Amino acid sequence: MAEPIRRPAGWQDILAAPEGLKAEVLGGELILHPRPQPPHGLTQAALSGELSHPCYRGIGGPGGWWFVIEPDVAFGAHDIVAPDLAGWRKTRMPRFPTERPIHVVPDWVCEVLSPSSLRRDRAVKADLYLRPEVPTTGWWTPRGASSKPSRPGRAAGFGWGRGSLVSVP
């Protein structure tokens, strides 16, 4: 008997995913994984806070950005991911979307690396993030619940740009 033809996964598969799991579609495959541990979420919140005043509100920085923690972003019908933090220049996306997934590729993407997400974020999702239409990509590593992020571009030994790794002290 012939095997049934499998269709590539998409947005409807994410919506149908079991509660309590993070669902993404990479290359047409539905990927389910547990929600991150508290240090991961703390690092996401700290990064968002660091970016809020200078980049979103324009206090001590350029302003003109939208930043979202874990937005669903469609890089295509069969590549829908939720980066830990993503940003869009308001000049490129003047109105903030009200529906999921967001169909405008971000200008900036950041993944917080955890042991459980390291391979997926640095190998699989990086193929999406390192496309030319995503000018800046970074990965951050949480070191514990009291971690504070290094400011972009100021981490010892690392710059902040395409595919840079910034460790959280």
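FYI, it's all coordinate maths here, none of it is from the lab. Computed from a predicted model, the values in this text were never measured in an experiment. All Cβ positions, even for glycine, are placed from backbone atoms using ideal geometry, and neighbour counts span all protein chains on display.
From the mean inverse distance of alpha carbon pairs (Kirkwood) and the Cα radius of gyration, derive Rg over Rh for the range 1-72.
1.19
When N is the residue count of the range 65-128, what does its C-alpha Rg come to as a fraction of 2.2 N^0.38 Å?
1.11
List the residues, sorted by chain then number, that are 5 or more residues from residue 31 or on another chain and whose placed amide H is less than 5 Å from its amide H.
Here 24, 25, 26 satisfy the definition.
Of the listed peptides 98-107, 74-83, what is their order by residue-averaged count of other C-beta atoms within 10 Å, with the highest listed first?
74-83, 98-107
Can you pull out the trypsin sites (Lys or Arg not before Pro) in the range 21-123 whose DSSP state is coil and whose Cβ has at most 10 other Cβ atoms within 10 Å?
Here the sparse-neighbourhood loop sites are 95.
Which one of 59, 117, 48 is farthest out on the positive end of the charge dipole of the range 24-118, using unit charges on Cβ (Lys, Arg +1; Asp, Glu -1) and the Cα centre as origin?
59
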